[in-house]
Structures are given as structure tokens and as C-alpha cells.
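Following: one structure in C-alpha cells, then a few remarks.
The values are calculated or read from the model by the stated rules, or taken from the named source; none is laboratory data. Note that this is a predicted model, so its numbers are computed, not measured. No Cβ is skipped: glycine too gets one built from the backbone with ideal geometry, and neighbour counts run over all protein chains shown.
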Amino acid sequence: MENRKKRKFPEDGIQQFGELYSLLYICMAKEFVDSFGNEGEEALRRAIRNFGHERGRRLRERHEAKGLPITVKTLFEHYDLPSDARFRRNPIELTDYTRYSETLVCPYQEIWAELGLSRLGIIYCMEFHQAMWEAYIPDIIVELPKTLTKGNEKCRFEVYRKGHKKNIPDPAPAR
């Protein structure tokens with residue numbers, strides 16, 4: 001993790017928290033895998049899924065206590081963390097049953113790439129979202145056909161309840 005370049009440090013508290021959150025994850029992930037190999041990676045995957053399940057369960061309980069409907073739209077419109085303005089997203093569709101979107105810039109991925117550890121960032125991306133969102137809505141499906149951590153130009157989120165998948169093509173690139 002010594003491959004560092006000069007970077008701008010965020011002043012905003014939410015951005016600082018996000019940076020520390022992603023740094024905590026990647027340092028722990030590296031230690032798990034370096035120290036314990038495949039067993040460490042499996043333990044990391046379980047830990048990320050457990051974290052996701054706990055967050056999703058708590059968010060659902062909070063929404064139920066407020067009398068909010070448990071839908072895909074509610075999940076994303078009343079999330080458990082404030083938004084970090086450094087993320088650049090392209091929302092495509094959000095309904096009670098679906099969310100199609102793209103993430104064009106992810107500050108977590110940028111930190112992981114800067115440290116040369118995108119391969120461990122992939123684990124977070126592939127495990128966390130499904131775990132959290134299925135704890136909130138048990139019949140939710142999360143597909144990530146593209147991710148920044150895998151070297152794609154964006155993350156493509158196709159999130160839908162069983163029986164509600166749509167074929168929504170990638171939007172035309174911005175000109």
C-alpha cells in the first residue's frame with residue numbers, strides 16, 4: 001500500500017467519513033487475505049455479507065417504524081447514509097420494484113485503485129450490495145454486469161424484485 005500519489009483531501013465531514021470507511025475496509029481486507037489466503041478471503045466475504053445484512057435489517061426496521069412502504073424506491077430515497085457529492089451517478093429508472101443506475105465516479109474505488117487493491121474492492125462491491133438490499137427486501141435481485149473495480153468505465157446497477165426485471169439498455173454516452 002505504499003504506491004501513493006499526492007491527492008486532495010476532502011474538507012466535508014461526509015466525504016472524510018467515506019474516505020475513512022473505504023480505507024478501513026481495504027486495510028482489513030488486505031490483512032485478511034495476506035494473512036490467511038483463501039480462508040481469509042472467505043472470512044472477509046462473510047464479514048461483508050454480515051455487515052450488509054445488519055445494515056439492511058436496521059434500515060428496514062427504521063422505515064417500518066416510520067410507516068414507510070418497503071419498496072425499492074423507499075430503499076433508495078430514504079437511505080441510511082447521506083450522499084457523498086464526489087460520487088457521480090446516472091440514474092436511469094427508480095420505481096417501487098426497480099432501480100437501474102450507473103455510477104461513473106466512486107471515491108471508494110479511487111482509493112482502492114490508488115493503493116493497488118482494486119482486486120479486494122471487487123469483493124466489497126459483489127458482496128455488500130446484495131446482502132444489504134436483500135436484508136431490506138428479501139426477494140430483491142442485484143446484478144452488477146459492470147463495475148469500476150473490475151476496470152469497467154462505470155458500475156451498472158440492475159436492481160429489481162423477482163419478476164420485475166426489465167431490459168434497459170445502457171444510455172447513450174454523454175457527448
Q) Is it true that some residue in the stretch 158-168 is over 24 Å from Thr71 (Cα atoms), basic (Lys, Arg), over 11 Å from the mean Cα position of the chain (by Cα) and at pLDDT below 95? A) no
(Q) Quick check on my filter: what residues within the stretch 100-141 are under 11 Å from the mean Cα position of the chain (by Cα) and of a type in the set (A, V, I, L, M, F, W, C)? (A) Cys106, Ile122, Ile123, Cys125, Met126, Phe128, Ala131, Met132, Trp133
Q. Under the condition of being over 15 Å from the mean Cα position of the chain (by Cα) and of a type in the set (Lys, Arg), which residue from the stretch 66-99 is surrounded by the fewest Cβ atoms within 10 Å (Cβ to Cβ)?
A. Lys66
Q. Scanning for something in a helix (DSSP H, G or I) and either within 20 Å of Gly52 (Cβ to Cβ) or modelled with pLDDT of 95 or more (or both), does the stretch 89-103 turn up at least one residue?
A. no
Q. Which of (1) part of a helix (DSSP H, G or I); (2) closer than 19 Å to Tyr21 by Cα; (3) among the basic types (Lys, Arg) is the odd one out, the single condition Arg86 does not satisfy?
A. (1)
Q.
Can you find a residue that is in a strand (DSSP E or B) and over 25 Å from Arg57 (Cα atoms) anywhere in the stretch 122-143?
A. no
Q: Consider only pairs whose beta carbons are under 6 Å apart and that are at least six residues apart or on different chains; among these, list those whose first residue lies in the stretch 52-74 and is within 18 Å of His129 (Cβ to Cβ) and whose second residue is loosely packed, with under 14 Cβ neighbours inside 10 Å and at pLDDT below 95.
A: Leu59/Asp80
Q.
Among the residues of the stretch 60-82, what is the count of those that are charged (D, E, K, R), touching a Leu at 6+ places or on another chain (Cβ under 8 Å) and at pLDDT 95 or above?
A. 2
Q: Search the stretch 9-43 for residues being acidic (Asp, Glu) and either surrounded by 12 or more Cβ atoms within 10 Å (Cβ to Cβ) or in contact (Cβ under 8 Å) with a residue 12 or more places away in the chain (or both), and hand back the single one that is nearest to Arg119 (Cα to Cα).
A: Glu41
(Q) So, in the stretch 1-59, exactly how many residues are part of a helix (DSSP H, G or I), at pLDDT below 95 and among the charged types (D, E, K, R)? (A) 1
Q. Within the group Tyr108, Tyr79, Tyr97, which residue is touching a residue at least 24 places away in the same chain (Cβ under 8 Å), at negative phi, of a type in the set (Ser, Thr, Tyr) and out of contact with any strand residue (DSSP E or B) (no Cβ under 6 Å at 6 or more places or on another chain)?
A. Tyr108
